[in-house]
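**Student:** Provided herewith is a single structure, encoded as structure tokens, for subsequent inquiry.
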Amino acid sequence: MTGIQALLAFAAWTLFLPMIYAGYRTWLVLTGKKRADAWTRGQPTDDPGFIVRASHAHANCVENLPVFAAVVLAAVALGQSAVVDALAVYFIAARLAQSIVHMIAVNHWAVFIRANFFFVQVGLLFYWVWKLCCAAAPVANV
């Protein structure tokens, strides 16, 4: 998997997650169980826990996608795509795992596992930034 493919996969996942809670809410509206304006951002909801957690997983993706995109696109711009390509599949695997665990449960161990998947992603991003900065640094002519 290349960095660009990983970026597209991350974007697709970010687009998919709201379909979970939007689909649920649309069903409630279409069946007359809720009004379309029943959900207000930042207000408590009576949605099932899984639906709320899907919404939170989506928000987390929205927060983190720009950073990943910046690193991948910087690698491409620098002609250093291989730096990201080598580990991109692990980043995406950790992102999917983090979101899935986030939706499944919020107990101590689930949060701990989810946090570790997040730290894998952050670690990869720091590693890539470091490698790209080193690749972009001008070489002194001695």
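**Student:** Explain nothing, just the number: relative contact order of the chain, from Cα pairs under 8 Å at least 6 residues apart, as a whole percent.
**Tutor:** Averaging sequence separation for qualifying contacts and normalising by length gives 31 percent for the chain.
**Student:** With each run of n ≥ 4 DSSP H residues scored as -39500 (n - 2.57), what mean residue ellipticity at 222 nm is computed for the chain after dividing by its residue count and rounding to the nearest 500 deg cm²/dmol?
**Tutor:** Helix-only estimate at 222 nm: -26500 deg cm²/dmol.
**Student:** Let me ask something else about it. Treat each spin label as a single point 7 Å out from the Cα along the C-beta direction, and report the Y127 to V52 distance in nm.
**Tutor:** With each label point 7 Å from Cα toward Cβ, the separation is 3.6 nm.
**Student:** In whole Hz, with x marking every Gly and Pro, tabulate ³J(HN,Hα) for region 39-51 from phi via Karplus 6.51 cos²θ - 1.76 cosθ + 1.60, θ = phi - 60°.
**Tutor:** These are the phi-based 3J(HN,Hα) values: 10, 10, 4, x, 9, x, 10, 9, 4, x, x, 4, 5 Hz.
**Student:** Taking Cα centroids, how far is region 81-111 from region 1-53 in Å?
**Tutor:** Here the two parts' Cα centres lie 19 Å apart.
**Student:** Helix 3-30 against the longest principal axis of the chain: what's the angle in degrees, Cα atoms only, rounded to the nearest 10?
**Tutor:** In the chain, helix 3-30 runs at an angle near 10 degrees to the longest axis.
**Student:** When the chain is treated as a GNM, springs tying every alpha-carbon pair under 10 Å, which of T26, T40, T14 comes out with the largest mean-square fluctuation?
**Tutor:** Judging by the Gaussian network model, the answer is T40.
**Student:** Would you work out if region 1-125 is rounded, prolate or oblate? Take a ≥ b ≥ c from the square roots of the eigenvalues of the alpha-carbon gyration tensor; rounded if a/c is under 1.5, else prolate when a/b is larger than b/c, oblate otherwise.
**Tutor:** Prolate shape, in that a/c is at least 1.5 and a/b is the bigger ratio.
**Student:** Now, a different point. Roughly what would the spin-label model give for V111 and A38, points 7 Å off Cα along C-beta, in nm?
**Tutor:** In this crude spin-label approximation the distance works out to 2.9 nm.
**Student:** Net charge within 14 Å of R114 by Cβ-Cβ distance, Lys/Arg positive one each and Asp/Glu negative one each, not counting R114 itself?
**Tutor:** +2
**Student:** Report, in degrees rounded to the nearest 10, the 0 to 90 angle that the Cα long axis of helix 88-104 makes with the longest principal axis of the chain.
**Tutor:** Helix 88-104 and the main axis of the chain meet at about 20 degrees.
**Student:** Could you work out how much longer the chain between L28 and A136 gets when fully extended? Use 0.36 nm per residue separation minus the Cα distance between them, nm to one decimal.
**Tutor:** In short, 33.6 nm is gained.
**Student:** Out of F10, V71, A57, whose Cα points farthest toward the positive end of the dipole of region 1-79 (charges: +1 Lys, Arg; -1 Asp, Glu; placed on Cβ)?
**Tutor:** A57
**Student:** Another question, then. Quote to one decimal, in nm, the extra length available between V89 and V76 on full extension: 0.36 nm per residue of separation minus the C-alpha distance between them.
**Tutor:** Taking V89 through V76 to full extension adds about 3.0 nm, to one decimal.
None of the figures in this text is laboratory data; all of them are computed from the coordinates on show. Every value quoted in this text rests on a predicted model; they were computed, and no experiment measured them. When we count neighbours, we look across all protein chains shown, and the Cβ atoms used for this are built from the backbone with ideal geometry, even at glycine.
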